[in-house]
1. Quick one: if you stick a label point 7 Å off each Cα along the C-beta vector at residue 38 and residue 77, how many nm between them?
2. Using Cα-only point scatterers and the Debye equation, what is log10 of I(q)/I(0) for segment 1-95 at each q in 0.18, 0.22 Å⁻¹, rounded to two decimals?
3. So which trypsin sites (Lys or Arg not before Pro) in segment 49-158 pass both tests, a DSSP loop state and at most 12 other Cβ atoms within 10 Å of the Cβ?
4. Given points 7 Å out from each Cα along the Cα-Cβ axis, report the residue 28 to residue 109 separation in nanometres with one decimal.
5. 5 Å is the cut-off here: which amide hydrogens, built 1.01 Å from N in the peptide plane, fall below it relative to residue 17, excluding neighbours closer than 5 in sequence?
6. Please report, as a whole percent, how much of the solvent-accessible surface of the chain comes from carbon and sulfur atoms (probe radius 1.4 Å).
7. How big is the gap, in Å, between the Cα center of segment 15-57 and the Cα center of segment 152-216?
8. Label points 7 Å out from Cα along the Cβ direction at residue 10 and residue 69: separation in nm?
Amino acid sequence: YSAFKNEKGEVCLEADIDMAKVKKMPAIQSFGGTFDGQGYALKNWKAQNGLFHELLEGGKIQNLRIDASCVMKTQTKGGETFVGWIANINKGIIENCETHGALTHKSNFTDGNVYVGGIVGSNRYVVYRCRNYGDISSASIYCSREKDKVVTVYVGGICGATYHKTLAAATTARCENYGNVNSKNDARNDKIGGIIGEAFKTTVKLCLNYGNVTST
C-alpha cells in the first residue's frame, strides 16, 4: 500500500467511492499502517467479507463510513470464521467508523468458532467511538465430526467477541449499535449481544444498544 501513502505516511480517502461495478473484492489480508477515511464512504458495495481481514498491532483505521447502499452476504464452510465490515480481526485501533449496511452470515457446515460483528468480528485491542446501524444476522449449522468438540457462535452489533488471545488493555468504548442482531444456530454455545457477543479479559464501557437482540 506504499504507493497510496501521503506525506504523513497515511492512506487517506479523498472522496466517496462508488463500488457498484466491483463484482468481487477480496479482503486486504493484513494492514499495519493508518487508513483515514476522512469521513468519506464506500457505496454500493456487494461484499463477501470485511474490508480488511486483519488489522495488525500498531495499525489504525479511522473516520470511515460504510453506506446503507452496501450489503454483505458471506457464506463460510468449516474452520474458524471471522466477519466484520471494517475488519474481520482487529489487533490495532478502529476509531470513529460507521457501518450502515446489512451483514448476513451463513454456514451450512460449522466445525469452528464463529465471530460476527457490525464493525469487527474478533476485536483483540481497541474499538472506540464506532457506530453500527445495519442489521446483523448469523445462521450456522453445527456439523463437527468430533463428537465432543464445543463450538461457539459469537454475534454482536459492534464486535462478535473480544476473545481469542486479546492484547493487554483491550477495550471497546463509546460505541453505539442501532441495528437488529440475530443469531440462529444449533451450536453448543450461542453468545450474542447488542454491543458484543462475549467480552473475555477485556473492558467494555460507555456503550449503548438500541437494536433488538434475538437468539434462536
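1. Inter-label distance under the simple model: 4.3 nm.
2. So the normalised log intensities are -0.85, -1.23.
3. Working: sites: 60, 65, 73, 77, 91, 106, 124, 129, 131, 145, 147, 149; in loops: 91, 124, 129, 145, 147, 149.
Qualifying residues, ordered by number: 145, 147, 149.
4. Between residue 28 and residue 109, the label points sit 3.2 nm apart.
5. Hits under the 5 Å cutoff: 41, 42, 43.
6. Values: 4890 of 10130 Å².
For the chain, the apolar C and S fraction of the accessible surface comes to 48 percent.
7. 22
8. So the label points at residue 10 and residue 69 sit 2.6 nm apart.
The values are calculated or read from the model by the stated rules, or taken from the named source; none is laboratory data. Please read these numbers as outputs of a predicted model, since none were measured by experiment. Because the Cβ atoms are built from the backbone with ideal geometry, glycine has one as well, and the counts that use them run over all protein chains shown. Accessible surface is based on the protein model in full, side chains and every heavy atom, while ligands, DNA and RNA are left aside. Shrake-Rupley method; radii C 1.70, N 1.55, O 1.52, S 1.80 Å.
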